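For reference, the structure discussed in these notes is given below.
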Amino acid sequence: MLQQYGEVDLLVSGTEAEVSLSQPLKYRFHGVSFVFGTHGGVDKWATFKIMNLRQFWKDIRSLPLQDYDLIINDFEPVSAWACKLRKVPSVSLSHQCSFVSPKTPRPSKWNYGDWFLKYYSPTTHHIGFHFERYDDFIHTPVIRSEIRKMETSNLGHYTVYLPAYDDKTLVKYLNHSAGVEWQVFSKRQKAEYQSGNVKIFPVNNEAFNKSLASCEGLLTGGGFEGPAEALFMQKKLMMIPMRGQFEQQCNALAASKMGVHVLPAIDDNFPGHIKKWVKEDERVWVDFPDETAQVIHNMVHRYARPGSISS
C-alpha cells in the first residue's frame, strides 16, 4: 500500500525475529531486543549479553534521514532515536504507540514498563492500533490480507504459541487434557515431533495460519497480532502474558475486559483451567473492519514532506 505513494525502503532491527520478510531489506541493524526465557518471562541475563549500545549508537548515526520524505516507525528504536536526535519528524504506525493515550487499558499500579513504552521508540506523531478504539488516533487491528482471505473451519484441535515457555513444560501440562489435540508452534524446534496428544511444530507462518484457521481455539501469550487474528476468525482465545513484560500485561488486561480468558502463568492449577476452557464454548465477537488503505492514505497525505507524494 505504501508503494502506491512512492519508493519504500525497509529497515529491521533486533535479534529475536522468527520469520523472515518476503520483501528486500534496505537496512538490518542489531537494535535492542529482549530474549524470551523458558519459564514465562524475559531472560534478563541473555538480554544483557546481546546488548550492544556502541553498535546501537553507530547505527543511529549511520542512517541517511535526509533521503526520505516520510519515516514510519513500528516500535523500532534505531530509526526513532535517529529522528529524535536530529529533530526529524517521524510517525509511529504501531500497536505500542496506542499507550501514548491514558485511555488505553493498563494496570492501575505504575510500572517502569510505561516509561519504557514511552522512550524505547519515541516519535513525533502517532497512529495506534488496539483491540478497541480507546482514543481518536487508535484504530482496530490491522488483519493481514492472507488471514482475511482464509476460509475458516473447526477440525477440533487447539493451536498454541507460547514462546516464553519451553516445550517440555507445555507437553507436561497439555498431556493432562486427554482427547484434545494440541498443535504447539515452538521457536526452539527445527523438526516436527509428537508426544502423546501434543504435536510440536517449528515456527512457520504458513503452517501456523493453517492451524489457526482450522482450530477450535488459540492458547497464546499476551501479544497483540496473534490474539487479534484469533478474535477476527471467531476462535476461542486464552492468553497467558509474559511475567515482567508490561505491554503483554496491558494487552491481557484489555482482552479480559472484552471477555477473553486470561491466566497469570502456567502452574499446577493450569490443567484445571485448561479443562474448563476446553469444555466451554465462550467466544468474543469483534468488528475489525478493513481500513488499512484509508489509514495509509491519511497518514501519507498528512505527514509526508509537501510535494513528495506521487499519487
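The values are calculated or read from the model by the stated rules, or taken from the named source; none is laboratory data. Everything numeric here is computed off the predicted structure, so don't read it as measured data. Cβ sites come from the backbone with ideal geometry, for glycine too, and all protein chains shown count toward neighbours. The protein model used for the area step is the full one, side chains on, heavy atoms only, and it has no ligands, DNA or RNA in it. Shrake-Rupley method; radii C 1.70, N 1.55, O 1.52, S 1.80 Å.
What number, in nm² with one decimal, is the all-direction average of the projected area of the convex hull of the alpha-carbon atoms of the stretch 95-185? Projected over every direction and averaged, the Cα hull of the stretch 95-185 covers 9.3 nm². Calculated translational diffusion coefficient of the stretch 186-225 (37 °C, 0.692 mPa s; Stokes-Einstein with Kirkwood radius over alpha-carbon pairs) equals 286 µm²/s. Extents of the stretch 98-149, largest first, come to 40, 24, 20 Å (Cα atoms, principal axes, whole angstrom).
Taking only the Cα atoms of the stretch 157-229, the ratio Rg/Rh comes out at 0.92, with Rh defined as the Kirkwood radius. For the chain, the solvent-accessible area with a 1.4 angstrom probe is 54 square angstrom per residue.
Within the stretch 265-311, the chymotrypsin sites (Phe, Trp or Tyr not before Pro) that combine a DSSP coil assignment with at most 13 other C-beta atoms in a 10 angstrom radius are 285. Under the criterion of Cα pairs below 8 Å and six or more residues apart, the relative contact order for the stretch 194-286 equals 24 percent.
For 104, 124, what's the largest-to-smallest order of accessible area, 1.4 Å probe?
Values: 104 0, 124 80 Å².
Descending accessible area places them as 124, 104.
Only beta bridges with both residues in the chain are counted; by DSSP, about 15 percent of them are antiparallel.
Determine one quarter of the surface area of the Cα convex hull of the chain, which equals its mean projected area, and express it in nm² to one decimal.
Values: hull surface 66.0 nm².
With the hull built on Cα positions only, its mean projection is 16.5 nm².
Quick test of the membrane-span-like rule: which DSSP H helices of the chain reach at least 18 Å along their long axis (C-alpha atoms) with mean Kyte hydropathy at least -0.5? It would help to have the intermediate numbers written out before the result.
Values: long enough: 246-258 (19 Å, -0.18).
Flagged H segments are 246-258.
Can you list, largest first and rounded to whole Å, the semi-axes you get for the stretch 110-255 by taking the square root of 5 times each eigenvalue of its Cα gyration tensor?
Values: eigenvalues 169, 71, 35 Å².
Semi-axes (√(5λ), whole Å): 29, 19, 13.
With the helix formula -39500 (n - 2.57) applied to DSSP H stretches of n ≥ 4, the chain reaches a computed 222 nm mean residue ellipticity of -9000 deg cm²/dmol.
Here the Debye sum runs over all C-alpha atoms of the stretch 208-311 as equal scatterers in vacuum, and log10 of I(q)/I(0) at q = 0.13, 0.20, 0.23 Å⁻¹ comes out as -0.58, -1.02, -1.23.
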